[in-house]
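Visitor: If you scroll down you'll find the structure; I have some questions about it.
The numbers here are math on the coordinates, done by the rules we state, and not lab data. All values reported here derive from a predicted model rather than from experimental measurement. No Cβ is skipped: glycine too gets one built from the backbone with ideal geometry, and neighbour counts run over all protein chains shown.
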Amino acid sequence: FFNKGVLLASKGDALGAISSYRKSSEYNPSNIMALNNIGSLFTSRNQFDSALTYLKLAHSAKPDELFIIENIAAVSMLAKDYTQAETFARMALRSNPQSAKSLGILQQMKKGTSN
């Protein structure tokens, strides 16, 4: 199901891909790549609440996974949940102080609050 999701996503069938990734995560709930990919597809459709639901499931399955933490921060920023964006960006920086993605999120937030 995971590979079918990848194929469908590459063909532009976001809904089919989401369905396949969901099946994949039913069989393997700790498959954070399937959960992340669902989050990514929902993000591309500007469905940030749904994206965050799946990213947080991935985070619950593997709390120390940096790219998941950073993706939660980035999608939270897009969703204008600045408190959550900052929380997850700072969490990522504790793991990797040189994280360009998390530093960029915090910098964007700083610019946004100074306007």
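Visitor: Could you calculate the contour length gain from S44 to K111, that is, 0.36 nm times the residue separation minus the distance between their Cα atoms, to one decimal place in nm?
Guide: Result: 21.7 nm gained on full extension.
Visitor: Treat each spin label as a single point 7 Å out from the Cα along the C-beta direction, and report the Q98 to S19 distance in nm.
Guide: Computed distance between label sites Q98 and S19 equals 4.5 nm.
Visitor: Taking 7 Å along the Cα-to-C-beta vector as the label spot, tell me the A61-K11 distance in nanometres, rounded to one decimal.
Guide: 2.4 nm
Visitor: With +1 on each Lys and Arg Cβ and -1 on each Asp and Glu Cβ, how big is the dipole of the chain about its Cα centre, in debye rounded to the nearest 20?
Guide: For this selection, approximately 140 debye.
Visitor: OK, next. What shape does the range 2-54 have by the C-alpha gyration tensor, where a ≥ b ≥ c are the square roots of the eigenvalues, rounded means a/c under 1.5, and otherwise prolate means a/b greater than b/c and oblate the rest?
Guide: The shape class here is oblate.
Visitor: Continuing with the same structure: Using +1 at the Cβ of each Lys and Arg and -1 at the Cβ of each Asp and Glu in the chain, identify which of V75, A100, A61 lies farthest towards the dipole's positive end.
Guide: A100
Visitor: Let me ask something else about it. When the helix-only estimate is applied to the chain (DSSP H runs of n ≥ 4, each -39,500 (n - 2.57), divided by the residue count), what is the mean residue ellipticity at 222 nm, nearest 500 deg cm²/dmol?
Guide: When only DSSP H runs of four or more count, the value is -25500 deg cm²/dmol.
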